[in-house]
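Encoded as structure tokens, the structure appears first; notes follow it.
The values are calculated or read from the model by the stated rules, or taken from the named source; none is laboratory data. Remember, it's a predicted structure, so these values are computed and weren't measured experimentally. Counting neighbours? That spans all protein chains shown, and the Cβs are built from the backbone with ideal geometry, glycine included. Heavy atoms of the whole protein, side chains included, go into the accessibility calculation; ligands, DNA and RNA do not. Shrake-Rupley method; radii C 1.70, N 1.55, O 1.52, S 1.80 Å.
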Amino acid sequence: MNPYLCVATGSMEGMIEVVQNSATIAKIQGKGQKSAFNKTALFNWLKQKNPLEENLQKAVKEFTMSCAGYSVATYVLGIGDRHNDNIMLKESGQLFHIDFGHFLGNFKSKFGVKRERVPFILTDHFAYVITKGETMSENFTRFKETCVKAYLIIRRKGPLLIRLFMMMIMAGIPQLTSVNDVEYLKDTLVLHLSEDEAKEHFHTKFQEALNNSWKTSLNWWIHLKAH
């Protein structure tokens, strides 16, 4: 992961780094009737930006690793509003998120229905890049193993992460105003379980995200239609 820079310049004011040579997932998918369901669009875009096979291989590796970091981080922190205009891709293959206005499980809903119903974003679009279009891929197995490894590493630092969030309660962040808000981290990190149990817990969440990727694609299609 390579977080982009931001700096506060005053009350409710600040500057944020411009990430060059990148585009939103929505822009890459295009505006066609079924564009949100086109699982080949991201991979084809990377192939276009990296015509040399060696560069394409690097881009796929960069995507795989950054997608693992993105998946685990957004799950643990409960990042919401994860539509295709808030997820971007660099020409180098790096995946990153650009809107952190909703977190700690404060997911948006419409008419009482949650727009996001997966632990984290792991769509067919992402899997297609990671596997390079193959149905079975050792690279996808490594991706899953990397996600689990990253989750367990963060979990071991769980008490520190929780203390940092506790210190931010007085910072005036709308969705972090009380100790109850921090409880979300305890739920995602399952600190009451053993490491083997926590590993199994994340495996379940991983499979849930993968099996329900169609719900994310549907949400992305609705977002494209509305915008």
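Exactly one residue out of K39, K47 is part of a helix (DSSP H, G or I), charged (D, E, K, R) and surrounded by fewer than 20 Cβ atoms within 10 Å (Cβ to Cβ): that is K47. Every condition in (1) in a helix (DSSP H, G or I); (2) over 17 Å from V72 (Cβ atoms); (3) open to solvent by 40 Å² or more (accessible area, probe 1.4 Å) holds for V129 except the one numbered (3).
Within the option set D124, D85, being open to solvent by 10 Å² or more (accessible area, probe 1.4 Å), touching a helix residue (DSSP H, G or I) at 6+ places or on another chain (Cβ under 8 Å), under 19 Å from Q207 (Cα atoms) and of a type in the set (D, E) holds for one residue only, D124. For the stretch 182-221, the set of residues classified as among the aliphatic types (A, V, I, L, M) and open to solvent by 40 Å² or more (accessible area, probe 1.4 Å) consists of L191, L193, L210, L218, listed by residue number. Residue pairs whose Cβ atoms lie under 6 Å apart, sitting 6 or more positions apart in sequence or on different chains, and linking a residue in the stretch 194-206 that is touching a residue at least 40 places away in the same chain (Cβ under 8 Å) to a partner that is part of a loop (DSSP other than H, G, I, E, B) and surrounded by 13 or more Cβ atoms within 10 Å (Cβ to Cβ), are A198/V190; K205/P119. Total residues in the stretch 165-179 satisfying the condition of being farther than 23 Å from F202 by Cα and assigned to a helix (DSSP H, G or I): the figure is 6.
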